[in-house]
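Q: Starting off with a structure, shown below.
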Amino acid sequence: MVLHTIEAHTAPHAGDRAETVSAEFASDTAAAVPREGSVATLRLRRKYYQHSYHDLQVFLSCPSRNKYPLWNGESFMKSYRITLSICCILLLVMGLLCAPAAARTVSAGSTIYVGEEGLDLTAIDPGIVRLVHYSDFTAGAADNMIDVPTANDFDLKAADVGGITGTYYAWSATGMIVPNAFILVKEPSATLDVVLNNSRSDSVDGKTVTRDTTLAFEIQNNVAGLYATPPIAFMNIEVTTPCGGTLTLFGGQNLYNIPIQTSTIYVGGISLADVDTGTYTAQAKWGHGTGLKGKGYDSNTVSFEVSADSLSLASSTGSVTPGQSFAVAVAGSPRTAYWLYVKDAGLTAESDYPLLAPGQPGVAPNVDLPAVEAANYTYTKAYVTTTADGSRMVQFNTGFATKNQTFTIKVVNPSDTSSYDEVQVQVGDDAVTTPTLDLASGWNFVSVPKRLADGNDNASAVFGDVDTAMHSIFRYDAATKLWSALDANSTIEPLNGYWVYANTSTAVDLIFASGGAATPPSKTLAAGWNAIGFSSTVPASAHDALFSVAAAWTNAIGWDADSQEYGLAIVNGGSGAYSDSRTMDPGQGYWLFMTEGGELAALTG
């Protein structure tokens with residue numbers, strides 16, 4: 001058995017002095033540090049109080065970018081008497097010597113919370129012996145009674161409450177304490193979210209962020225009866241790292257002993273600059289002082305992924321014919337402005353280039369960029385601002401004057417021009433093969449993105465080669481709430497959703513109508529569920545695709561033909577996984593719920 005010693009300086013707390021803390025741990029090896037995954041026992045002694053010590057356990061996990069361990073919320077400086085090469089160290093305090101919290105005085109009309117301990121109820125009446133809840137107070141019908149064995153040291157146990165919360169009346173040994181002295185009993189709750197620090201309204205729970213993002217944790221709670229100055233209720237936010245370590249100091253912010261004094265608390269300024277890539281989870285847990293710790297009233301768990309790639313660009317297609325549109329997807333930091341432009345190809349007119357579609361949210365064209373290789377025209381360059389999830393879909397249009405050649409689209413971070421990405425898109429009459437609908441084996445919920453050419457726009461022409469295993473092709477009429485089977489001559493139209501069964505995976509060729517003088521398609525929608533189609537050859541956010549019925553739609557649900565199940569709903573004004581910034585895709589059908597009737601306009605002619 002070999003004894004190792006660490007000595008470090010602790011950072012001073014408010015009103016305290018800095019201390020030197022020595023830690024000893026025993027291991028079965030002479031190595032300076034026990035092997036990864038081992039558990040050692042440490043005895044911490046404070047230099048100024050040689051007889052005061054605590055025993056702790058140390059779990060040694062995988063390497064991390066964190067440069068120092070934590071102990072009870074205190075951060076050690078980076079210098080040790082010996083060098084620790086293993087980071088991500090989780091110190092679990094064993095038998096921590098804590099001063100007992102003073103009993104909370106409860107008066108009549110106050111709120112107490114299930115799980116609280118050491119409550120002083122003598123301010124209601126020193127002789128209180130029972131709390132009684134009535135299902136019908138007027139009739140005197142009681143449905144729960146809680147004994148109070150010690151009025152100045154009362155524990156409110158969940159088993160005694162039995163899920164019956166609300167108004168409880170105080171009784172003494174001789175009867176109800178008048179005038180109807182009562183208290184309110186509630187179950188404590190806390191909700192945790194992780195948000196962008198600058199807005200504090202954009203959640204990144206379940207999303208990916210980059211190292212140049214600054215975050216904040218948001219705790220919402222219902223424990224107004226515990227708000228006090230100085231504080232008496234505290235929570236700790238525990239962050240679990242990708243390698244399994246648990247931290248209460250993260251991104252330069254102390255997440256230990258957060259005072260709960262308002263219904264919404266933010267702990268902001270959390271920098272990700274020096275953290276590892278990977279998925280992090282976090283949970284707010286009740287600390288000492290109220291008795292709520294470890295009783296099942298901790299918050300939900302949130303997660304977010306930290307990515308090393310700070311900026312990327314992807315195209316919806318590698319080639320288009322003149323007159324077609326395409327989209328590029330920018331992925332970077334949330335709520336950040338980037339340069340997006342078509343690189344100069346030495347052409348002499350703006351119409352020679354693919355051009356940004358006007359009126360796109362988050363896209364500001366005709367900007368003055370520094371000396372970069374952008375084509376210098378109004379709609380060949382723009383500032384593009386990402387959404388809360390760090391993405392932005394941007395559409396480019398081509399025309400018959402667009403040159404038949406390959407163009408390079410580039411995105412650049414203005415604050416670090418070494419961070420960029422680019423894609424190439426070929427424009428040409430022979431650049432694109434016939435568009436297709438790809439049907440998976442089983443049921444498919446599909447649509448056509450544009451008008452089909454005459455003679456190629458009926459069910460026989462489109463789906464005649466599909467082995468439907470004798471299944472009909474269906475469409476749904478929202479006005480009558482009836483299904484109908486298509487016949488061979490039924491017209492296949494944009495904005496309609498069709499249910500098609502394929503016995504085997506099949507690619508269906510589509511022949512679009514040529515341009516001409518015709519109004520773009522639209523579809524009348526009824527209140528309730530409507531089967532709609534997506535009306536573009538490039539993806540678009542649900543916010544944009546459904547903008548013509550923005551005041552009336554609530555949910556859009558697509559179908560995953562590969563798994564034969566519905567996908568997660570897109571919610572109008574939703575956030576996170578339900579955000580209406582999620583894309584709708586060409587060829588797909590969707591169920592759309594409307595609170596009232598409306599007219600859905602197509603995105604293309």
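Q: Spot the failing condition for residue 324; the list is (1) surrounded by fewer than 17 Cβ atoms within 10 Å (Cβ to Cβ); (2) closer than 16 Å to residue 405 by Cβ, and only one is missed.
A: (1)
Q: Restricting the search to the stretch 582-605, which residues are open to solvent by 40 Å² or more (accessible area, probe 1.4 Å) and in a loop (DSSP other than H, G, I, E, B)?
A: Within the stretch 582-605, 582, 585, 586, 595, 596, 597, 603, 605 meet the criteria.
Q: To continue, here is another question. Identify all residues within the stretch 568-581 that are of a type in the set (Gly, Ala, Ser), open to solvent by less than 50 Å² (accessible area, probe 1.4 Å) and at negative phi; write none if there are none.
A: Listed by number, the residues that qualify are 569, 574, 579, 581.
Q: Among (1) over 30 Å from residue 366 (Cα atoms); (2) open to solvent by 40 Å² or more (accessible area, probe 1.4 Å); (3) part of a loop (DSSP other than H, G, I, E, B); (4) touching a residue at least 24 places away in the same chain (Cβ under 8 Å), there is one condition residue 335 misses while meeting the rest; what is its number?
A: For residue 335, the failing item is (1).
Q: Also, quick follow-up: Go through (1) under 30 Å from residue 420 (Cβ atoms); (2) modelled with pLDDT of 90 or more and name the single condition residue 307 misses.
A: So the condition that residue 307 fails would be (2).
Q: For the stretch 240-261, check the following and say yes or no: at least one residue is under 30 Å from residue 340 (Cα atoms), open to solvent by 50 Å² or more (accessible area, probe 1.4 Å) and touching a Ser or Thr at 6+ places or on another chain (Cβ under 8 Å).
A: no
Q: Could you check the stretch 269-297 and list, in sequence order, the residues that are in a loop (DSSP other than H, G, I, E, B), at pLDDT 95 or above and open to solvent by less than 20 Å² (accessible area, probe 1.4 Å)?
A: 292 - this is the single residue of the stretch 269-297 that is in a loop (DSSP other than H, G, I, E, B), at pLDDT 95 or above and open to solvent by less than 20 Å² (accessible area, probe 1.4 Å).
Q: Exactly one of these conditions fails for residue 306: (1) open to solvent by less than 40 Å² (accessible area, probe 1.4 Å); (2) under 30 Å from residue 397 (Cα atoms). Give me its number.
A: That leaves (2) as the condition not met.
Q: Further question: Mind listing just one residue for me: the one in the stretch 168-189 that is in a loop (DSSP other than H, G, I, E, B) and open to solvent by 20 Å² or more (accessible area, probe 1.4 Å) and, of those, nearest to residue 104 (Cα to Cα)? Steps first, please.
A: Of the residues in the stretch 168-189, the ones in a loop (DSSP other than H, G, I, E, B) are 173-174, 177-181, 187-189.
From what is left, the residues that are open to solvent by 20 Å² or more (accessible area, probe 1.4 Å) are 173-174, 178-180, 187, 189.
Values: 173: 23, 174: 26, 178: 22, 179: 23, 180: 22, 187: 17, 189: 19 Å.
Here the answer is 187.
Q: Scan 502, 545, 488 and give me the residue that is modelled with pLDDT of 90 or more, more than 29 Å from residue 318 (Cβ to Cβ) and in contact with a strand residue (DSSP E or B) (Cβ under 8 Å, 6 or more places away or on another chain).
A: The match here is 488.
Q: For the stretch 460-497, what are the residues that are open to solvent by less than 70 Å² (accessible area, probe 1.4 Å), in a loop (DSSP other than H, G, I, E, B) and not β-branched (Val, Ile, Thr)?
A: 464, 469, 472, 478, 486, 488, 490, 494, 495, 497
Q: Considering 561, 556, 527, which residue is of a type in the set (A, V, I, L, M, F, W, C), surrounded by 14 or more Cβ atoms within 10 Å (Cβ to Cβ) and in contact with a Phe, Trp or Tyr (Cβ under 6 Å, 6 or more places away or on another chain)?
A: Working: 561 fails: in contact with a Phe, Trp or Tyr (Cβ under 6 Å, 6 or more places away or on another chain); 527 fails: in contact with a Phe, Trp or Tyr (Cβ under 6 Å, 6 or more places away or on another chain).
Among 561, 556, 527, only 556 is of a type in the set (A, V, I, L, M, F, W, C), surrounded by 14 or more Cβ atoms within 10 Å (Cβ to Cβ) and in contact with a Phe, Trp or Tyr (Cβ under 6 Å, 6 or more places away or on another chain).
Q: Where in the stretch 378-459 are the strands (runs of 3 or more DSSP E), entirely inside, with at least 2 residues that are open to solvent by 20 Å² or more (accessible area, probe 1.4 Å)?
A: Values: elements: 381-385, 391-397, 406-413, 416-427, 436-439, 442-446.
Strands (runs of 3 or more DSSP E) meeting the threshold: 381-385, 391-397, 406-413, 416-427, 436-439.
Q: Ok, one more. Name the residue, out of 514, 522, 505, that is under 21 Å from residue 442 (Cβ atoms), open to solvent by 20 Å² or more (accessible area, probe 1.4 Å) and not β-branched (Val, Ile, Thr).
A: Working: 514 fails: under 21 Å from residue 442 (Cβ atoms); 522 fails: under 21 Å from residue 442 (Cβ atoms).
Going through 514, 522, 505 in turn, the sole match is 505.
Q: Test residue 592 against the stated conditions and say whether it is over 28 Å from the mean Cα position of the chain (by Cα), within 26 Å of residue 482 (Cα to Cα) and in contact (Cβ under 8 Å) with a residue 40 or more places away in the chain. Explain how you work it out, then say what you get.
A: On the way: over 28 Å from the mean Cα position of the chain (by Cα): no; within 26 Å of residue 482 (Cα to Cα): yes; in contact (Cβ under 8 Å) with a residue 40 or more places away in the chain: yes.
Taking the combined requirement at face value, the residue does not satisfy it.
The values are calculated or read from the model by the stated rules, or taken from the named source; none is laboratory data. Only a predicted model underlies this, so the values are computations on that prediction, with no experimental measurement involved. Heads up, the Cβs are rebuilt from the backbone with ideal geometry, glycines too, and the neighbour counts pull from every protein chain shown. Heads up: the accessible areas ignore ligands, DNA and RNA and are worked out on the full protein's heavy atoms, side chains in. Shrake-Rupley method; radii C 1.70, N 1.55, O 1.52, S 1.80 Å.
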